[in-house]
Amino acid sequence: MEILSNSIREIHEKLKKKEMSALELTDFFMDEIKSKDKDIKAFLSNDFSEAKKQAEKVDLAIKNGNEISMLSGIPAAIKDNILIDGIKATASSKILENYVAPYDATVILKLKKQDSVFLGKTNMDEFAMGSSTENSAFFKTKNPNDLSRVPGGSSGGSAAAVASNQCVFALGSDTGGSIRQPASFCGVVGLKPTYGAVSRYGLIAMASSLDQIGPLTKTVDDARVVFESIKGKDKKDATSVMYPEKLQEKGLKDLKIGIPKEYFIEGMDKKVEDVIKNEIKKMEDAGAKIEEIDLPHTKDALSVYYVIMPAEVSSNMARYDGIKYGFSTHKSDSEDLLSVYLNSRAEGIGPEVKKRMMLGTYVLSAGYYDAYYKRAQQVRTKITEDFKKAFSKVDIIATPTTPTTAFSFGEKTEDPLAMYLADIFTVPINLAGVPAISVPCGKINNMPVGLQFIAPWFCEETLFKAGEDYEKLIS
Ligand code: GLN
């Protein structure tokens, strides 16, 4: 079907010209889900009757000659840690198994205002903690390029849904790489916006100073369209800011691209390195200026992340007590309130999340706070300064998104350090709060490789321009 190769703008034109109805479009993707998702398992839940209703509403508007928005009638998949009023939001955790969201996240409200169609909620690592979606309490999502491999994580369901054409776009969340790494593994585009560009209201919190919601799409322009629709200040999220409109005239050929030598390290897959270097060469041949730069504190980023992130996780997880949300223990020895709390948390929360809660409580405890948490915050500032310095010399930075292509199921579950290394090139970006996009740039043995562009704060448009020009260069 032609729809599969259409961008959001093209589909929008077709809807407006009545070459296709929103209901036909939704029906098409629902059929795709019915035939494909038995194998891929990207979705945790679907609400097809509601999706049809939304589509019919758009068709009525078109029939009545009303203006429709860019995302009207466009079918989307939503990561299960983003709240949709009246729909289950489990964050792939047993402790939220039966939790029904009582309100809409701000991003959902914005999409609803445009009449986007929600096809369902996607699988993820429990509470967004992981890099393979293997930490979901429910089931594993497969990589559409090779069903024996992971889709990446934690937004693995969203990436797999887009890559297998079960939706036009998806929303994910990125705390340390969870949009870009699965986008890279599955061969789609993934954007982590500037911290504060998109409201986090209604996103089930993992680590609040790092979390951002962003799109997973087939093309860079689709990512721009979705980002434009969800960004902006929200009075319900005090960390969100008024997005400063920055004009960006420069295309790829006029850009000075920084290549940080710290992102080509020992231990990374040599084939990935070769692909990335080759793509950088193509951009240079097209006229871009390539300059080697330093981001000297890159080597500390993972350690800093694994102190700050668990600290925030431990406090965010305190609200799950077996009373307020979802799951509660049925154990007969839960005779007082404290044992209800303890048993519910023990039964309802999975091992990776528990590990991070314990680590976080430890680094925040008296006596260790200065040695770990405070120190990590100081190094975080250094990482941010690295980026500031780099952006005084170059317009944009290009790196690999991940050190390897998608790995096999079980390959890294026994070795947490190896799993954590999957995020080595994405984590520094969250610590600094800058925006970054992963764009598919080639394949190794049929497995996609992602090229990451990083821009200064609130310069998403620089990413889109560069990404689009790069897409044209390789198409
Ligand atoms: N994979 C990283 C982690 O496990 C990042 C997760 C995320 O971005 N939500 O923490």
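All other residues with a Cβ under 14 Å from the Cβ of Asn64 taken together, and with Lys, Arg as +1 and Asp, Glu as -1, what is their net charge? So the surrounding residues net to 0. Whole-Hz Karplus values for segment 459-475 come out as 10, 3, 5, 4, 5, 5, 4, 4, x, 5, 4, 5, 4, 5, 4, 9, 7 Hz, taken residue by residue from phi with 6.51 cos²θ - 1.76 cosθ + 1.60 and θ = phi - 60°; glycine and proline positions read x. Scalar couplings 3J(HN,Hα) for segment 81-98, obtained by applying the Karplus form with A = 6.51, B = -1.76, C = 1.60 to θ = phi - 60°, are 9, 10, 7, 10, 3, x, 10, 4, 10, 9, 6, 6, 10, 5, 5, 10, 3, 10 Hz; x denotes Gly and Pro. The aspartates and glutamates within cross-link reach of Lys88, meaning a Cα-to-Cα straight distance under 15 Å and a gap of 8 or more places when in the same chain, are Asp47, Glu50, Asp80, Glu97, Asp104, Glu126.
Measuring nothing but alpha carbons in the chain and taking Rh as the Kirkwood radius, the Rg to Rh ratio lands at 0.96. Multiplying the residue separation of Leu417 and Ser365 by 0.36 nm and subtracting their alpha-carbon distance yields 16.4 nm. With a Förster radius of 25 Å applied to the C-beta separation of Leu473 and Lys16, the computed FRET efficiency comes to 0.25.
Normalised radius of gyration (Cα atoms, divided by 2.2 N^0.38 Å) for segment 225-383: 1.53. Through the Karplus equation 6.51 cos²θ - 1.76 cosθ + 1.60, θ set to phi - 60°, convert the phi angles of segment 104-109 into ³J(HN,Hα) values in whole Hz; use x for Gly and Pro. Each residue of segment 104-109 in turn: 8, 4, 4, 4, 5, 4 Hz. Its alpha carbons give segment 237-323 an Rg and a Dmax of 19.8, 61 Å. In percent, rounded to a whole number, the relative contact order of the chain is 17, using alpha-carbon pairs under 8 Å and six or more apart. Relative to the Cα centre, the charge distribution of the chain, modelled as +1 at Lys and Arg Cβ and -1 at Asp and Glu Cβ, gives a dipole magnitude of about 480 debye. Compared with the alpha-carbon gap, the fully stretched path from Lys63 to Phe48 is longer by 3.2 nm at 0.36 nm per residue. For Lys472, a cut-off of 12 angstrom between C-alpha atoms picks up these aspartates and glutamates, skipping any fewer than 8 places away in its own chain: Asp221. Can you classify segment 62-186 as rounded, prolate or oblate using the Cα gyration tensor, where a ≥ b ≥ c are the square roots of its eigenvalues, rounded means a/c under 1.5, and otherwise it's prolate if a/b beats b/c and oblate if not? Oblate, since a/c reaches 1.5 and b/c is not below a/b.
Bear in mind these aren't lab numbers, they're just calculated from the coordinates by the rules spelled out. Just so it is clear, the model here is predicted, and its values are computed rather than measured. Glycine gets a Cβ as well: all are built from the backbone with ideal geometry, and neighbour counts include every protein chain shown.
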